[in-house]
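> Take a look at this one; I'll ask things after.
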Amino acid sequence: MTKKSAILHFGSDLVDKPIISGLIRNYDVSVNILQASITPEEDGTMFVQIEGEHAIVQKAFDYLRDHRVDMIFPAKNLIWDDKKCVDCGACVAHCLPRALTVDGSGKLQFNSERCIACELCIPACPYHALGSVSEHLS
Amino acid sequence: MTKTYEEINEKIKNGKAVVVTAEEVIEIVKDKGAKKAADEIDVVTTGTFGPMCSSGALLNTGHTKPRMNYKRAYLNRVPVYCGVAAVDLYIGVTAMPDDDPANKVFPGKFEYGGGHVIEDLVSGKDVVFEATSHGTQCYPRKEITATINIRDLPSATLLNPRNAYQNYNVAVNAHAKHPIYTYMGILRPNFGNANYCSAGQLSPLLNDPNYRTIGIGTKIFLGGGTGYVFYQGTQHNPEVPRNEKGIPMGGAGTLALVGDMKTMSRRYIRGVSMTGYGVSLAVGIGVPIPVLDEEMIASCAVSDADIMAPVWDYSEDYPNFQGKPIAHVSYAELGSGRINLQGREIETASISSMPMAREIAQTLKKWITDGNFLLTKPSAPIPGTGSGVKYHPFVERPVKGNK
């Protein structure tokens, strides 16, 4: 099984097309939509995690590409700036999927695989060390 | 065997002092016993790093030409106190720009304030200074707008009225049905998390619980440079009930600290933004404790399991100054990531940084081991139990003539 996160950008000609619906009907994948928005210019942005058999996930992304959906694959769903982080741990209790944890020595660890980009940790950080991908993109 | 400050300093100068951190000493005393450990070890170093709101910087800009007596002043738009002499300024870490939106859109972000100005100054960044005055015959100038930098200031002194709290509260949200935004961080409803803020077994005053060696004049690590304890901190309260080991069961002693900002580094002086609450400054502090005798090393061997912190409800009890702690939990439990409270498992989060506290204790250890940092004997102690010094709440008396 593979889980891959992507920021999808739908041009104004695509926003009224049921592209995600087609994706789910045609491929055996789970799609978790973490964030979706349409701008006043009628462009659409969606942050998704697609999970399924490795080869099928590849095909699912090919399908999106064929439908002229622009894609960005963030290395991490959340931007953690370890230069600003002081390893206090104020964020960890707000990270329900336990992507942010402290190890035995108290050092902060970020497991991007577990992150669901809920962004609850961002306001909990007193040092501006956590930022969202979407904020980063805008 | 007992040791004097002079003997310990002699060893430091000769590169022969044995120095360990307040964490390393725990195992040593467990293995060898206090007597043997006290013979072998000369100094124990402590450390702490966390937001300390009662902090600020005393700056002197040097006189302008023509001369000016600042009456209203700003650094990077953050208001600065100028009710002192002509070109002296004090910037408190919780000061916010006059036009900061604060909590108008709740919860506010509090992106920049006094603590961030101090971080910028320590980093060597340029800062915009603006001031106005009424003008006098000896100080005629009425306004100035200029770029300043710490290297151009005749003096920049960190002057903190209350730091290094000996123990502190654990904060929970017991009653509100929504998250609350406090100086202890975000507290989720229904006991969603428990936030704490102390370096526990590494914390300076928890290793010298009766203030035997930490007193007025004690030389310390402050913000990456050197500083001194100049008095007990405000709200110093040695009379807080203590456990059988003599450790206060809540926030008790505090220290007032001073140091030259020009020797400090941004790594240990960081602006803090507490969402929905305000701005502050995280300060790194390390205090060396001379091992004068067996009793001294026994108190340095305190471990997180022995230090109990009170759990307070920050949704109703703390803000209304009412009630009592829900429970007491040890720093060992807090550090494990969860505490058990009234049958519930609650996730904990630390507001102070243990890795930074460790790094500070190790850095101070190196300074002393290398012979670059000598210990000072306090010129006077800070008040302990039985001294009569006690903190009490505000005594509110009505103003005469007001109904």
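Values quoted throughout were computed directly from the atomic coordinates according to the rules given, and no laboratory measurement underlies them. Just so you know, these numbers come straight off a predicted model, no measurement behind them. As a convention, Cβ positions derive from the backbone with ideal geometry for all residues, glycine included, and neighbour counts pool all protein chains shown.
> How large is the dipole of region A:2-72 about the Cα centre if only Lys and Arg carry +1 and Asp and Glu carry -1, each at its Cβ, rounded to the nearest 20 debye?
260
> Next question. Given A:GLY131, B:GLY284, B:ILE351, which one lies farthest toward the positive end of the charge dipole of the protein assembly as shown, if we put +1 on the Cβ of every Lys and Arg and -1 on the Cβ of every Asp and Glu?
It is B:GLY284, whose Cα lies furthest towards the positive end.
> Starting from the Cα of B:LYS365, draw a straight line to each of the lysines and keep only those under 23 Å, dropping any in the same chain fewer than 8 residues away.
By straight Cα distance, B:LYS365 reaches A:LYS107, B:LYS3, B:LYS11, B:LYS13, B:LYS16, B:LYS30, B:LYS32, B:LYS35, B:LYS36, B:LYS219, B:LYS262, B:LYS377.
> Moving on to the next point. Report the dimensions of region B:250-380 along its three principal axes from the alpha-carbon atoms, largest first, rounded to Å.
The Cα atoms of region B:250-380 stretch 51, 39, 30 Å along their principal axes.
> How shielded is B:352-363 by partner chains, expressed as the average number of their Cβ atoms within 10 Å of its Cβ atoms?
For this peptide, the per-residue mean of nearby foreign Cβ atoms is 4.
> While we're here: Please identify every one of the trypsin sites (Lys or Arg not before Pro) in region B:90-128 that sits in a loop by DSSP and has no more than 12 other beta carbons within 10 Å of its own beta carbon.
When the trypsin sites (Lys or Arg not before Pro) of region B:90-128 are filtered for loop state and at most 12 Cβ neighbours within 10 Å, B:LYS104 remain.
> With contacts defined as alpha carbon pairs under 8 Å and 6 or more residues apart, what's the relative contact order of chain A in percent?
24
> Loop-only check: which trypsin sites (Lys or Arg not before Pro) in region B:277-382 are DSSP coil with at most 14 other Cβ within 10 angstrom?
Of the trypsin sites (Lys or Arg not before Pro), not one in the loops of region B:277-382 has a Cβ with at most 14 other Cβ atoms within 10 Å.
> If the cut-off is 20 Å between C-alpha atoms, which aspartates and glutamates fall inside it for B:LYS324, apart from same-chain ones fewer than 8 positions away?
Here the aspartates and glutamates satisfying the reach criterion relative to B:LYS324 are B:GLU239, B:ASP313, B:GLU316.
> Whole Å is fine, so just give me how far the alpha carbon centre of region B:192-225 lies from that of region B:267-314.
First find each Cα centre; the distance between them is then 4 Å.
> Calculate the tail of P(r) for region B:241-280: the fraction of all Cα-Cα distances greater than 14 Å, expressed in %.
Counting every Cα pair in region B:241-280, those more than 14 Å apart make up 71 percent.
> What's the average, rounded to a whole number, of partner chain beta-carbon atoms within 10 Å of each residue's beta-carbon in B:181-193?
The per-residue average across the peptide is 3.
> Another question, then. Would you kindly derive the ³J(HN,Hα) couplings of region B:280-297 from the backbone phi angles with the Karplus curve 6.51 cos²θ - 1.76 cosθ + 1.60 (θ = phi - 60°), listing them in order in whole Hz, with x for Gly and Pro?
Computed from phi, the couplings for region B:280-297 are 7, 9, 8, 10, x, 10, x, 10, x, 10, x, 7, 6, 6, 4, 5, 5, 6 Hz.
> Give the order of A:LEU108, B:LEU205, B:LEU292 when sorted by the count of other beta carbons within 10 angstrom, beginning with the fewest.
Listed from fewest to most nearby Cβ atoms, that is B:LEU292, A:LEU108, B:LEU205.
> Follow-up question, since we're still on this one. Starting from the Cα gyration tensor of region A:2-72, take the square roots of the eigenvalues, sort them a ≥ b ≥ c, and report rounded, prolate or oblate (rounded when a/c is under 1.5, otherwise prolate if a/b is larger than b/c, else oblate).
Here region A:2-72 falls in the prolate category.
> Right, another one. With springs only between Cα atoms under 10 Å apart, run a GNM on chain B and tell me which of B:SER387, B:SER353, B:SER123 wobbles the most.
Comparing B:SER387, B:SER353, B:SER123 in a Gaussian network model of chain B, the most mobile one is B:SER387.
> Give me the three principal axis extents of region B:176-283 from the C-alpha atoms, as integers in angstrom, largest value leading.
48, 41, 22
> Across peptide B:141-148, how many C-beta atoms of other chains are within 10 Å of each residue C-beta, on average?
Mean partner-chain Cβ count within 10 Å for B:141-148: 0.
> Then there is this: Based on Cβ point charges of +1 for Lys and Arg and -1 for Asp and Glu, what charge dipole magnitude is obtained for region B:56-157 about its Cα centre, in debye rounded to the nearest 20?
Roughly 340 debye for region B:56-157.
> Moving to a separate point now. Across the Cα atoms of region B:56-157, what radius of gyration and what greatest pairwise Cα-Cα distance (Dmax) are found, in Å?
In order Rg, Dmax, the Cα atoms of region B:56-157 give 14.0, 47 Å.
> Looking at the square roots a ≥ b ≥ c of the eigenvalues of the Cα gyration tensor of chain B, which shape do they give, rounded for a/c under 1.5, prolate if a/b is larger than b/c, or oblate?
The shape class here is oblate.
> Could you work out the per residue convex hull volume over the alpha carbons of the protein assembly as shown, in cubic angstrom?
222
> Is there a quick way to get the dipole size of region B:283-365? I mean about its Cα centre, with the Cβ of Lys and Arg at +1 and of Asp and Glu at -1; what is the value in debye to the nearest 20?
For this selection, approximately 220 debye.
> Find, among the chymotrypsin sites (Phe, Trp or Tyr not before Pro) in region B:318-403, those assigned to loop by DSSP (not H, G, I, E, B) with at most 13 other beta-carbon atoms within 10 angstrom.
Passing both the DSSP loop test and the Cβ count: B:PHE321, B:PHE394.
> Still on this structure, I have one more. Once Lys and Arg get +1 and Asp and Glu get -1 on their Cβ, which of B:ALA156, B:GLY124, B:ALA86 lies farthest toward the positive end of the dipole of region B:56-157?
B:ALA86
> Follow-up question, since we're still on this one. For region B:142-185 and region B:338-403, what is the separation of their Cα centres, given in Å?
Rounded to whole Å, the Cα centres lie 15 Å apart.
> Now for a different question. Which value results for Rg/Rh of region A:78-137 when Rg is the Cα radius of gyration and Rh the Kirkwood radius based on the inverse mean 1/r?
With Rh from the inverse mean 1/r over Cα pairs, Rg/Rh is 0.92.
> Also: Please state the relative contact order of chain B as a whole percent: Cα pairs under 8 Å, 6+ residues apart?
Dividing the mean separation by the residue count of chain B yields 25 percent.
> Ok, one more. Looking at A:VAL31, A:ILE7, A:MET46, which one has the Cα that reaches farthest to the positive end of the dipole of region A:2-72 (charges on Cβ: Lys, Arg +1; Asp, Glu -1)?
A:VAL31
> If we count other beta carbons within 10 Å of each Cβ, what is the order of A:LYS3, B:LYS65, fewest first?
Listed from fewest to most nearby Cβ atoms, that is B:LYS65, A:LYS3.
> Computed FRET efficiency, Cβ-Cβ of A:MET71 and B:ARG344, R0 51 Å: what is it to the nearest 0.05?
0.75
> Could you list B:ASP98, B:ASP42 in order of exposure, starting from the residue whose Cβ has the fewest other Cβ atoms within 10 Å?
Lowest count first: B:ASP98, B:ASP42.
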